[in-house]
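*Asks:* Quick one: the structure is below, and I'll ask about it shortly.
The values are calculated or read from the model by the stated rules, or taken from the named source; none is laboratory data. Not measured: the values here are computed from a predicted model. Here Cβ is always computed from backbone atoms with ideal geometry, including for glycine, and neighbour counts include all displayed protein chains. Side chains are part of the model used for accessible areas, which takes the heavy atoms of the whole protein and leaves out ligands, DNA and RNA. Shrake-Rupley method; radii C 1.70, N 1.55, O 1.52, S 1.80 Å.
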Amino acid sequence: MLKSKISHQNISHQHTHFSFYLLRNSEKKKKHLLHRTQNSQFLNPNFMEVSRLTLPISDKSFFSPSIRHSSANPLPALPTLFAVSVSKSRLRSLRRKCYCSASSRDTLLAGGGEAAVVSAGKKEEEQGDLKSWMHKHGLPPCKVVLNERSWHHDTHKPIHYVAASEDLQAGDVAFSVPNSLVVTLERVLGNETIAELLTTNKLSELACLALYLMYEKKQGKKSFWYPYIRELDRQRGRGQMAVESPLLWSDSELAYLTGSPTKVEVLQRAEGIKREYNELDTVWFMAGSLFQQYPYDIPTEAFSYEIFKQAFVAVQSCVVHLQKVSLARRFALVPLGPPLLAYRSNCKAMLTAVDGAVELVVDRPYKAGDPIVVWCGPQPNSKLLLNYGFIDEDNSYDRLVVEAALNTEDPQYQDKRMVAQRNGKLSIQVFHVYTGKEREAVLDMLPYLRLGYVSDPSEMQSVISSQGPVCPVSPCMERAVLEQLADYFMTRLAGYPTTLDEDESMLTDDNLNPKKRVATQLVRLEKRMLHACLQATNDFIDQLPDLSVSPCPAPYAPLLK
């Protein structure tokens with residue numbers, strides 16, 4: 001469950017406070033910067049972000065002269081994944097001066113329409129693609145190319161993907177991206193600020209990387225990272241099925257997930273992102289280098305929450321968790337990495353940190369033109385959809401969660417809690433139901449549920465003195481345990497607005513909305529696991545010696561959710 005911060009792994013930090021001296025000086029600097037920017041060309045119509053409109057970006061200098069990048073070509077359309085924003089009062093003034101409307105996020109200029117999108121695409125070709133830029137800045141010769149893939153009913157630009165440029169064999173190095181082209185917190189903030197920043201226990205690495213790229217986008221073509229940011233904008237946070245994370249879905253689209261625990265996870269993750277947004281100014285005050293690099297408004301005044309959420313989701317879809325590296329480098333944005341690389345749960349190839357670079361060694365043979373795939377880690381489909389916007393039908397790590405809890409009103413609750421802990425279980429215990437192993441999961445739940453049904457004090461003493469998860473089981477108790485479990489699975493299935501057969505029929509429709517398709521794929525897989533659990537439970541009921549025995553009453557039955 002998402003708490004106050006987001007990341008690919010659970011990250012624990014120690015809490016610390018920045019000094020009053022730093023905060024006082026930061027406040028002075030903030031006032032000075034606000035006064036300066038309000039009287040400069042920084043706040044001008046070029047920074048306006050109105051709904052789906054994106055206009056050209058300011059001509060501010062990139063912070064590092066040694067890697068300054070410029071181009072004589074006009075800035076192409078940038079979708080709103082990292083769109084910039086201004087304060088409400090200034091925005092109202094700008095609207096009076098430059099009121100216009102647009103029909104899509106890809107519109108270059110107001111009224112440009114379809115021709116403007118085509119023009120933007122031509123300019124992008126003229127400026128060269130991401131891979132050409134990488135070769136220009138140190139990417140050695142590699143064995144991959146960037147191809148396009150269009151999806152039915154997708155109104156945006158085709159997504160790019162990394163494909164083999166030649167036949168490859170398992171063990172071949174597909175590419176090796178030098179560290180100079182990899183975005184990490186070490187590069188963003190510098191070693192002197194990393195420890196202090198990460199011990200605030202308020203912000204995740206993803207939030208810091210998203211903030212960095214939002215400020216970089218304000219630099220426009222002056223930013224060294226402009227070609228990479230342009231590619232991320234083109235992808236729009238879409239996964240390999242051309243669908244964004246449900247974090248960016250509308251309420252009506254989230255309704256596709258009704259009945260699924262994933263819908264609750266989406267809402268909880270959004271709340272966590274909102275909390276991170278409210279803490280962004282902490283980074284501004286604590287990381288003094290940001291003042292020097294980006295003399296703009298503090299984050300929450302420079303960017304709206306909606307824009308930050310779009311940037312966060314885009315970073316979430318492409319961040320790589322590197323192994324065996326320092327804390328400051330463990331989360332990295334790697335051009336040619338995800339989302340340009342497709343994820344597979346049955347793949348073992350991973351982006352790996354080596355001396356001075358991040359490389360990919362393929363784990364299988366490829367023909368020229370085949371999409372390159374990497375391992376996404378042991379993530380269930382609910383996380384794949386939430387993080388990357390896709391579902392893997394062959395995901396052996398897919399699972400459901402069943403939460404069982406001992407009844408706290410039970411007079412023997414403390415004794416049962418002690419027995420549960422002795423057998424490696426908690427008073428509130430989470431059971432994972434993996435696909436294809438539903439029967440084993442039900443068998444794992446039964447001893448815990450039987451413990452909750454023990455009511456006689458003498459039986460409880462027998463349980464306490466016994467070794468292992470053994471409870472005396474009468475026929476009526478076993479019937480009660482199994483029927484509670486069966487009712488639980490049927491209740492969960494009833495919470496979905498469609499049946500499994502209806503889902504199967506829906507997925508045969510080639511014209512099905514892409515978001516509805518991935519949502520239906522997810523709930524269909526969940527229902528299959530629930531049906532398998534229900535079938536296993538009913539099989540155990542049929543194996544009872546006497547089916548005429550009624551279930552025992554259970555005033556303190558364990559709770560299932």
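*Asks:* So if R0 is 45 Å, what FRET efficiency would H135 and N346 give, r being the distance between their Cβ atoms, rounded to the nearest 0.05?
*Replies:* On the way: r = 32 Å, r/R0 = 0.70.
Efficiency, from the Cβ-Cβ distance: 0.90.
*Asks:* Kirkwood hydrodynamic radius, region 380-446, all distinct C-alpha pairs: what's the number in Å?
*Replies:* Numbers: mean 1/r = 0.0720 Å⁻¹.
It works out to 13.9 Å.
*Asks:* Classify region 292-409 as rounded, prolate or oblate from the Cα gyration tensor: take a ≥ b ≥ c as the square roots of its eigenvalues, call it rounded if a/c is under 1.5, otherwise prolate when a/b beats b/c and oblate if not.
*Replies:* Numbers: a/c = 1.80, a/b = 1.04, b/c = 1.73.
Oblate is the answer for region 292-409, as a/c is 1.5 or above yet b/c matches or exceeds a/b.
*Asks:* If we count every other residue with Cβ under 13 angstrom of V374's Cβ, Lys/Arg +1 and Asp/Glu -1, where does the sum land? Before the final figure, lay out each step's value.
*Replies:* Numbers: positive: R344, K348, R364; negative: E359, D363, D392.
Residues close to V374 contribute a combined charge of 0.
*Asks:* Per-residue HN-Hα couplings for region 222-232, Karplus 6.51 cos²θ - 1.76 cosθ + 1.60 at θ = phi - 60°, whole Hz, x for Gly and Pro?
*Replies:* 6, 6, 4, 8, 3, x, 6, 4, 4, 5, 4
*Asks:* Would you list M418, M506, M445 from the most to the least accessible area, probe 1.4 Å?
*Replies:* Numbers: M418 90, M506 45, M445 5 Å².
Most to least solvent-accessible, the answer reads M418, M506, M445.
*Asks:* Over every pair of different alpha-carbon atoms in region 352-392, take the mean of 1/r and invert it; report that Kirkwood radius in Å. Write down the numbers at each step before the final one.
*Replies:* Working: mean 1/r = 0.0790 Å⁻¹.
For region 352-392, inverting the mean 1/r across all distinct Cα pairs yields 12.7 Å.
*Asks:* In addition: Below 9 angstrom from the Cβ of S345, what's the summed charge of the other residues (Lys, Arg +1; Asp, Glu -1)?
*Replies:* Working: positive: R344; negative: D392, D394, D398.
Its environment carries a net charge of -2.
*Asks:* So, one more: Give me the number: length gained by fully extending D172 to V325, i.e. 0.36 nm times residue separation minus the C-alpha to C-alpha distance, one decimal in nm. The partial results should precede the final answer.
*Replies:* Working: separation 153, 0.36 × 153 = 55.08 nm, distance 2.27 nm.
Using 0.36 nm per residue and subtracting the Cα-Cα distance, I get 52.8 nm.
*Asks:* If I model a spin label as a point 7 Å beyond the Cα along the Cα-Cβ vector, how far apart are those points for L267 and S250 in nm?
*Replies:* Distance between the two pseudo-spin positions: 1.9 nm.
*Asks:* Label points 7 Å out from Cα along the Cβ direction at N538 and T499: separation in nm?
*Replies:* 1.2
*Asks:* I'd like the accessible area for D172: 1.4 Å probe, protein heavy atoms, all chains in place, Å² to the nearest 10.
*Replies:* Rounded to the nearest 10, that gives 40 Å².
*Asks:* Give, as ranges by residue number, the residues of region 527-548 whose backbone N falls under 14 Å from the point 7 Å along Cα→Cβ of S474.
*Replies:* none
*Asks:* Stokes-Einstein diffusion coefficient for region 470-561 at 10 °C in a medium of 1.306 mPa s, Rh from the Kirkwood formula over Cα pairs: what value in µm²/s? Before the final figure, lay out the partial values.
*Replies:* Details: Rh = 15.4 Å.
Here the translational diffusion coefficient equals 103 µm²/s.
*Asks:* Could you sort 365-372, 342-349 so that the peptide with the highest average Cβ count within 10 Å comes first and the rest follow in order?
*Replies:* With the highest mean Cβ count within 10 Å placed first, the list reads 342-349, 365-372.
*Asks:* Of the cross-linked pairs K136/K274; K383/K437; K425/K527; K136/K218; K143/K348; K136/K515, which ones have a Cα-Cα span greater than 29 Å in the structure shown? Mind dumping the intermediate values first?
*Replies:* Working: K136/K274 38 Å; K383/K437 19 Å; K425/K527 27 Å; K136/K218 23 Å; K143/K348 19 Å; K136/K515 37 Å.
From the list (K136/K274; K383/K437; K425/K527; K136/K218; K143/K348; K136/K515), the Cα-Cα distance tops 29 Å for K136/K274; K136/K515.
*Asks:* From the phi angles alone, apply the Karplus equation (6.51, -1.76, 1.60; θ = phi - 60°) to region 244-252 and give each ³J(HN,Hα) in whole Hz, x where the residue is Gly or Pro.
*Replies:* 6, 4, x, 4, 9, 7, 6, 4, 5
*Asks:* Largest first, what is the accessible-area ranking of T408, T498 with a 1.4 Å probe?
*Replies:* On the way: T408 100, T498 40 Å².
Sorted descending by solvent-accessible area, the residues read T408, T498.
*Asks:* Report Rg/Rh for region 395-537, rounded to two decimals, where Rg is the Cα radius of gyration and Rh the Kirkwood radius.
*Replies:* Numbers: Rg = 18.5 Å, Rh = 17.0 Å.
Here the Rg-to-Rh quotient is 1.09.
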